[in-house]
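The values are calculated or read from the model by the stated rules, or taken from the named source; none is laboratory data. What you see is a predicted model; the values in this text were computed from it and never measured. Note: ideal-geometry Cβ built from the backbone for every residue, glycine included; neighbour counts use all protein chains shown.
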């Protein structure tokens, strides 16, 4: 035994400090099942874990690549940007927060709006990006969601809105909450014209977004295990002082209780959306 005590441990820590040929970001650990997977494979699988089917959030550009035919998207309102109408400041100014979000995402605000083809069918899109201030709904996001619906109305085409939001943007106060009424009014005009509107609910869809246009689709489709609701489960538990059921406010729970129409895996989303839009299209001519 004395011999083994004299054997020195290899200096692995020192070896790790040296140069390596392994590129950074090659592997990723799943936040749900903890399996290690290749980042490239995750990207090929539309940011869905191949082991447990956990759906990671997609940015607006990634979502457009998924849903819109290549090279057909034409953006509208890309120059619209939020200001600071209330001169809001907390630890840092609202303007600085906006600039930080712009540098992080390259977006002027958290929603991309435009018209493109989905399997050859013209569609008006509004797609929210959670990376821009948590997908919060301010004046510009409300304007772009309403614009997408107005484009659908003018061009007599279907509208698809992909929601991913933590709620209304508090820095814009009542001006943010007004967007709930504005977007709902645009949605009502679509309904009167008989034009299809499909709402896609992703993780998370909460707050003022969930309380307005996100739940007003002719068809409300959610991704698996997406958090959907007005207030978060922790807030509700603290308010009613009761333990909530397992899976509360997740897609599966909401579908079981009739709150949404369908749950769709991301890899099938474009195909299913295209099918339902074509199915609903005859309503526009009635």
Take residue 192 and tell me if it is out of contact with any strand residue (DSSP E or B) (no Cβ under 8 Å at 6 or more places or on another chain) and either in a helix (DSSP H, G or I) or more than 30 Å from residue 86 (Cα to Cα) (or both). yes
Within the stretch 181-189, is even one residue out of contact with any strand residue (DSSP E or B) (no Cβ under 9 Å at 6 or more places or on another chain), at pLDDT 95 or above, under 27 Å from residue 262 (Cβ atoms) and part of a loop (DSSP other than H, G, I, E, B)? no
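Each row is one residue, and each column tells you yes or no for (1) over 21 Å from residue 58 (Cβ atoms); (2) surrounded by fewer than 21 Cβ atoms within 10 Å (Cβ to Cβ); (3) over 18 Å from the mean Cα position of the chain (by Cα); (4) free of Cβ contacts under 8 Å to residues at least 24 places away in the same chain.
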| site | (1), (2), (3), (4) |
| --- | --- |
| 188 | yes, yes, yes, yes |
| 195 | yes, no, yes, no |
| 256 | yes, yes, yes, yes |
| 260 | no, no, no, no |
Determine if the stretch 134-142 includes at least one residue that is within 13 Å of the chain's Cα centre (by Cα), surrounded by fewer than 23 Cβ atoms within 10 Å (Cβ to Cβ) and either on the phi > 0 side of the Ramachandran plot or at pLDDT 95 or above (or both). yes
Which of the residues that make up the stretch 111-133 are in a loop (DSSP other than H, G, I, E, B), in contact with a strand residue (DSSP E or B) (Cβ under 6 Å, 6 or more places away or on another chain) and crowded, with 24+ Cβ neighbours inside 10 Å? none
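Looking at 53, 69, which one is in contact with a strand residue (DSSP E or B) (Cβ under 9 Å, 6 or more places away or on another chain), in contact (Cβ under 8 Å) with a residue 40 or more places away in the chain, surrounded by 13 or more Cβ atoms within 10 Å (Cβ to Cβ) and assigned to a loop (DSSP other than H, G, I, E, B)?
The match here is 69.
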